[in-house]
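The values are calculated or read from the model by the stated rules, or taken from the named source; none is laboratory data. Model, not experiment: these values are computed from the prediction. Virtual Cβ from ideal backbone geometry, glycine too; neighbours counted across all protein chains shown. We work out accessible area using only protein heavy atoms, side chains counted, and drop any ligands, DNA or RNA first. Shrake-Rupley method; radii C 1.70, N 1.55, O 1.52, S 1.80 Å.
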Amino acid sequence: MTLDKRSCMARAQALMAEAKIENLKYAALELRLCIESQTYEKLRAFSSMVPEDVLRTWQPPQAVKMLLEFEPHADQTFTIYAGLEEEYGKPAKEMSFVGTHSSLRLGWLRKHYNKLGSLLHAPAVYEPRLHNLATLKQYLEEVIEDLKEPLESTITGGAIRNVVNFTCSECGKPVIANAETLRKKRKAICLNPQCKAEYYANIDETGQVTLQLMATGFECASESCDGVAQIENRKLEVGIEFSCPKCGLRHQIAHREWGYGPIEK
Ligand SMILES: [Zn+2]
Ligand SMILES: [Zn+2]
């Protein structure tokens, strides 16, 4: 069985020819595989930025999520610094992109990838509207129709400048973020599922972006040490333990405090 996008599509269409519920469910699976195959193929276009071994660690939903970061919108250049405040580094370089023209819209991809997935479960969690044979058939036909053209189109070269990339200071894997999303949300998240480190995006008047790990510094409790441990904010809670990066002294978070004061007008 070959899992390339065209073979998946061909099998889906063959299954649709006899519209029985079991055939349609298999067709939904084939169409989902087709979307996955298309997604990985597109991501391979970024292989200079996303190494193959990293790509292989992504489960399809992460791959789809990653691909959404590449959605071409804006056309700005950015200089990116990653990591903790004191260690600036790695300005993002412009990268080449295969396929500025993407006829398979990424919003479409996410929506139908999830919807097709919901068809693969037991009836109790079916999307009720798609439980009906005729409705399901019609839905799958629509997906096939939407997929047909992108599958046939040849990818053309171009340049994309709306993606920022930097190395995650926590796991060392490349982080890729859509520049426009970054502007709006002021936040980037490492897409490595084992990491998920969060970065705050500072944007100055000139549009320059500085990314900073969302972390809090804790000074070493030892009198003779000036080490500071940076702990990611999302991991902070009473009871967690950490070591001083300088002397190795173990610490434990004992309590939390919120500071506040009147707003000055
Ligand atoms: Zn990371
Ligand atoms: Zn220390």
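Of all residues being touching a strand residue (DSSP E or B) at 6+ places or on another chain (Cβ under 8 Å) and of a type in the set (A, V, I, L, M) in the stretch 223-252, which is nearest to ligand 2 (Cβ to nearest atom)? Just the residue, please.
Leu249
Pull up the stretch 162-175, narrow it to residues that are within 20 Å of Gln59 (Cβ to Cβ) and in a strand (DSSP E or B), then point me to the one that is nearest to ligand 1 (Cβ to nearest atom).
Top of the filtered list is Val175.
Based on what the data block shows, is Ser153 at pLDDT 85 or above and small (Gly, Ala, Ser)? Full working, then the answer.
Values: at pLDDT 85 or above: no; small (Gly, Ala, Ser): yes.
Against the criterion (at pLDDT 85 or above and small (Gly, Ala, Ser)), Ser153 does not qualify.
Restricting the search to the stretch 12-41, which residues are closer than 12 Å to Leu140 by Cβ and either hydroxyl-bearing (Ser, Thr, Tyr) or surrounded by 19 or more Cβ atoms within 10 Å (Cβ to Cβ) (or both)?
Ala12, Leu15, Leu24, Tyr26, Ala27, Ala28, Glu30, Leu31, Arg32, Cys34, listed by residue number.
Does the stretch 239-255 include one or more residues that are among the charged types (D, E, K, R), closer than 30 Å to Pro60 by Cβ and without any contact (Cβ under 8 Å) to a residue 40 or more places away in the chain? Explain how you work it out, then say what you get.
To start, the set of residues in the stretch 239-255 that are among the charged types (D, E, K, R) comprises 241, 246, 250.
Now narrow it down to the ones that are closer than 30 Å to Pro60 by Cβ: none.
Looking through the stretch 239-255, none of the residues is among the charged types (D, E, K, R), closer than 30 Å to Pro60 by Cβ and without any contact (Cβ under 8 Å) to a residue 40 or more places away in the chain.
Being in contact with a Phe, Trp or Tyr (Cβ under 8 Å, 6 or more places away or on another chain) and open to solvent by 60 Å² or more (accessible area, probe 1.4 Å): is that true of Arg234 here? If you could, list the steps in order and put the result at the bottom.
On the way: in contact with a Phe, Trp or Tyr (Cβ under 8 Å, 6 or more places away or on another chain): no; open to solvent by 60 Å² or more (accessible area, probe 1.4 Å): yes.
So Arg234 fails the test.
Can you tell me how many residues in the stretch 186-215 are open to solvent by 60 Å² or more (accessible area, probe 1.4 Å) and in contact with a strand residue (DSSP E or B) (Cβ under 8 Å, 6 or more places away or on another chain)? So that I can check it myself, show each step before the final result.
Going residue by residue through the stretch 186-215, those that are open to solvent by 60 Å² or more (accessible area, probe 1.4 Å) are 186-187, 189, 194, 196, 200, 202, 204-206, 208.
Keeping just the survivors that are in contact with a strand residue (DSSP E or B) (Cβ under 8 Å, 6 or more places away or on another chain) gives 186-187, 189, 196, 200, 202, 204.
Matching residues across the stretch 186-215 total 7.
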